[in-house]
Structure formats: C-alpha cells, structure tokens
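All remarks here apply to the structure that follows.
The values are calculated or read from the model by the stated rules, or taken from the named source; none is laboratory data. Keep in mind the model is a prediction, meaning the values are calculated, not measured. Methodologically, a virtual Cβ is constructed for each residue, glycine included, from the backbone with ideal geometry; neighbour enumeration extends over all protein chains shown. With ligands, DNA and RNA removed, areas are computed over all heavy atoms of the protein, side chains included. Shrake-Rupley method; radii C 1.70, N 1.55, O 1.52, S 1.80 Å.
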Amino acid sequence: QKEVQQIQDQILQELEAKEREEEEERLAVQREEAKRLARKGVELLAAALRFNSLDEDEGFDAFDQDGDGRISLKDLAETADALQLGLSKAGCAALHAEMNSSKTGFVTLAEWSALLAAVDGEAALHSLGHKPPPKPTVTGDLLAADV
C-alpha cells in the first residue's frame, strides 16, 4: 500500500513538473511575440514620424492626445489607428509596455525619446517600401521674403 502511494506521488510530481515546464515554454513564446510586436511598433512609429517630418518631441505631442505630458495606452492606440499604422491591439499593448520602462502605465517623453533614438526613421520607411518626403529647402528668395 505504501509503495503504491509513493509511486502515485512520484507520478503526480512528474506531471506537475511537466505542466510547469510547458507553462514556462508558453510564457517564453508569449514574451518573444510581445518583443517582436514591440520592435515592429517602434519601427512603424519611427517611419511615421519621418514620413510626417516630425521630430521626437513633435511626435510625442501628436500621440499625447489629451495633452497631459504622457502617453497612455489609449492615446497610443487612438493615434496609431488615426495614422493607420496597422498596429493590432496586442501590438499597441506590446509597444506601450516596451516604451513604458518605468512601468507607470504612461510613457514619458524621456522613455519615448530613448526608444525612438535607437531607430532610423528613414531606414524604417525604406523597409516598409516607402520613400521619405523631401526635406524642405531654404532658398535665397525665401529668406529675402521673410525679412
């Protein structure tokens, strides 16, 4: 009787260990997918800013829909949708989580800038099959008209 109980306990422990291992693998796959979505989102943001000739501060202000000096997930999702960036809800959530390194639930300008500084907006545009718009040029005539 005692031997049977020991065997049952051992089988139960092995099953629990297997379940823990499978759960850890599932979570690792989810984390990798979230990272992939976040990388894609950062590239899309950088491309959108470059396409619209916005610097990081101007881009932050554009995404900060309510003007409170921080970007909520709602701000990010609504602006990404308005710009037709093609980010899914999961993509927006992954991007927001990646940007919000302080884990406050809001992206600060410093967090926004730190993440976007590492991405070349022009290269991101090219990778999406788009050419950046020409940079504005200043001519002598324009300068004379401004004086």
Given H130, G86, N100, which one lies farthest toward the positive end of the charge dipole of the chain, if we put +1 on the Cβ of every Lys and Arg and -1 on the Cβ of every Asp and Glu? H130
Which trypsin sites (Lys or Arg not before Pro) does segment 50-143 hold that lie in a coil by DSSP with at most 16 other beta carbons within 10 Å? K103
Keeping every protein chain present and rolling a 1.4 Å probe, give me the accessible area per residue for the chain in Å². 69 Å²
The helix 89-99 Cα axis meets the longest alpha-carbon principal axis of the chain at an angle in degrees, between 0 and 90 and rounded to 10, of 80 degrees
By a straight-distance test (C-alpha under 30 Å), which lysines pair with K89 as possible cross-link partners, with residues fewer than eight away in the same chain excluded? K35, K40, K74, K103, K131
Translational diffusion coefficient of segment 37-120 at 37 °C, 0.692 mPa s, Stokes-Einstein with Kirkwood Rh over Cα pairs, in µm²/s as a whole number. 268 µm²/s
Scan (i) 15.6; (ii) 20.5; (iii) 18.3 for the value of Kirkwood radius over Cα pairs in Å calculated from this model and give just the label. (iii)
